[in-house]
1. Six or more apart or on different chains, Cβ atoms under 8 Å: show the pairs whose first residue is in segment 80-93 and of a type in the set (A, V, I, L, M) and whose second is exposed (fewer than 12 other Cβ atoms within 10 Å of the Cβ).
2. Consider only pairs whose beta carbons are under 9 Å apart and that are at least six residues apart or on different chains; among these, list those whose first residue lies in segment 42-63 and is farther than 21 Å from ASN25 by Cβ and of a type in the set (Ser, Thr, Tyr) and whose second residue is exposed (fewer than 10 other Cβ atoms within 10 Å of the Cβ) and at pLDDT 85 or above.
Amino acid sequence: MQFVTQEQIDQFYIKFEGKDIVELNEMLEVFREVFDHPAPVKMMSEDKKRRMTHSLFTNPLVMNDLREAAEDNKLIYNEEDIMRIVHEVQDGR
């Protein structure tokens, strides 16, 4: 069994302090760097990604949900606006 120290956990936390959004690749690299161990993430093969994408976008229920979402909601593309809304929801506003 492997263990991590409180110092390693603190180092990992400090790397992302003040960031609302972190790219997955950056997080995996920091995990590898701080804990000296590859991150426990199983990546999908390109073939599996293609098959999953095909399955999703040929499913009529998924397509209907996407159409309804596009019609019913204003889409937000700005990451800062998205994070502001997420924080407001978390704070109960």
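1. Sorted first by the residue in segment 80-93, then by its partner, the pairs are ILE82/ILE76; MET83/ILE21; ILE85/ILE76.
2. Between residues of segment 42-63 that are farther than 21 Å from ASN25 by Cβ and of a type in the set (Ser, Thr, Tyr) and residues that are exposed (fewer than 10 other Cβ atoms within 10 Å of the Cβ) and at pLDDT 85 or above, there is no close pair.
The values are calculated or read from the model by the stated rules, or taken from the named source; none is laboratory data. Being a predicted model, the structure only gives us computed values, none of them experimental. Cβ atoms come from the backbone with ideal geometry, glycine included; neighbour counts cover every protein chain shown.
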